[in-house]
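The values are calculated or read from the model by the stated rules, or taken from the named source; none is laboratory data. What you see is a predicted model; the values in this text were computed from it and never measured. So basically every Cβ, Gly included, is an ideal-geometry build from the backbone, and we count neighbours across all protein chains shown. What goes into the accessible areas is simple: the full protein's heavy atoms, side chains included, and nothing from ligands, DNA or RNA. Shrake-Rupley method; radii C 1.70, N 1.55, O 1.52, S 1.80 Å.
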Amino acid sequence: MCTTIPLYSQITTEDKYGKLLDEQFNTLSPRNGIWSMPLNSRTTQLWIRLRHYSLFPAGNYTGSVKVTLLRKSKVIDEQYLDVTYYSEPQIAISLDNSSQGKVSGSNGLYQIDLGDLKSNMRFYWGIKILSNSSYDVVLDSEFNGLRHESDTQSLIDYTIGFDNVKISSSERLMRSYNFYPGVRNTWYGFEFILGNTEMKPAGIYRDNLSLTVYPR
């Protein structure tokens, strides 16, 4: 028979409980926190199944299983088996529902058609970030503004706002966010404010705005 303690993470101070399985992956039913099974041979296998219904926080988890061998209710031998588990950091970024009609694309590559460019025009959209770890966000413009398609020296400045922080298109934004257990999606809003377009050459202007999320 054996008893088990939870897997414990020092990072998130959370316990994750596992179910004990026999060689055929059948769940062993505990009684007062103790699982028991007959030994029909000299070797046997036990498995631990970790199940969760919310974000499994990233990090290392450790625990132990105490295995006790009994014969006629007498203890013959006891062993402690260390159990370790590492949960990989995972991050997913998606558009929020209100942005689906305004922003096209998928899988992290999106396009925004601003139409006719006018001074001080504004555009709003939002994203959702799902993560099981703390993370850093870096927001950066490739061309430091909207660049003319053929006249690459011609730029239209703009201001970008992310999570209520505004920067110019020539700057880089870096922010850090902590993971909180139980949080499923975190919403972040963008605000785009175009600069002065007067006397700018006619034509198509483009920029590549990158939002990179680094787990930590």
For the range 97-108, does any single residue satisfy the condition of being in contact (Cβ under 8 Å) with a residue 40 or more places away in the chain and of a type outside the set (S, T, N, Q)? no
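Filter the range 72-105 down to the residues that are open to solvent by 70 Å² or more (accessible area, probe 1.4 Å) and closer than 22 Å to TYR214 by Cβ, then identify the one that is nearest to the chain's Cα centre (by Cα). Break it down stepwise before answering.
Let us first name the residues in the range 72-105 that are open to solvent by 70 Å² or more (accessible area, probe 1.4 Å), namely 72-82, 84-86, 88, 90, 97-98, 100-102.
Then keep just the ones that are closer than 22 Å to TYR214 by Cβ; that gives 86, 88, 90.
Values: TYR86: 15, GLU88: 10, GLN90: 4 Å.
It comes out as GLN90.
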For SER210, are the conditions met, namely being closer than 23 Å to PRO57 by Cα, among the small types (Gly, Ala, Ser) and either in contact (Cβ under 8 Å) with a residue 12 or more places away in the chain or touching an Asp or Glu at 6+ places or on another chain (Cβ under 7 Å) (or both)? no
State which residue is least open to solvent (accessible area, probe 1.4 Å) when the search covers only the range 193-213 and only residues that are more than 17 Å from VAL137 (Cβ to Cβ) and hydrophobic (A, V, I, L, M, F, W, C). LEU194
Test MET121 against the criterion of being touching a residue at least 24 places away in the same chain (Cβ under 8 Å) and within 27 Å of LEU55 (Cβ to Cβ), and give yes or no. no
LEU173 being closer than 29 Å to SER133 by Cα, of a type outside the set (D, E, K, R) and modelled with pLDDT of 95 or more: yes
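At pLDDT below 90 and touching a Phe, Trp or Tyr at 6+ places or on another chain (Cβ under 7 Å): which single residue out of LYS74, LYS66, LYS128 fits that description? First the steps, then the outcome.
Values: LYS74 fails: touching a Phe, Trp or Tyr at 6+ places or on another chain (Cβ under 7 Å); LYS128 fails: at pLDDT below 90.
Testing whether each residue is at pLDDT below 90 and touching a Phe, Trp or Tyr at 6+ places or on another chain (Cβ under 7 Å) leaves just LYS66.
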Checked the range 10-51 for anything modelled with pLDDT under 70, open to solvent by less than 90 Å² (accessible area, probe 1.4 Å) and within 29 Å of GLY182 (Cα to Cα); matches are THR12, GLU14, ASP15, GLY33
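Here is a check on your reading of the model: is ASN60 at negative phi and open to solvent by 100 Å² or more (accessible area, probe 1.4 Å)? Write out each step before concluding.
Values: at negative phi: yes; open to solvent by 100 Å² or more (accessible area, probe 1.4 Å): no.
Considered against the rule, which asks whether it is at negative phi and open to solvent by 100 Å² or more (accessible area, probe 1.4 Å), ASN60 comes out as no.
Out of curiosity, is PHE179 touching a strand residue (DSSP E or B) at 6+ places or on another chain (Cβ under 6 Å) and hydrophobic (A, V, I, L, M, F, W, C)?
no
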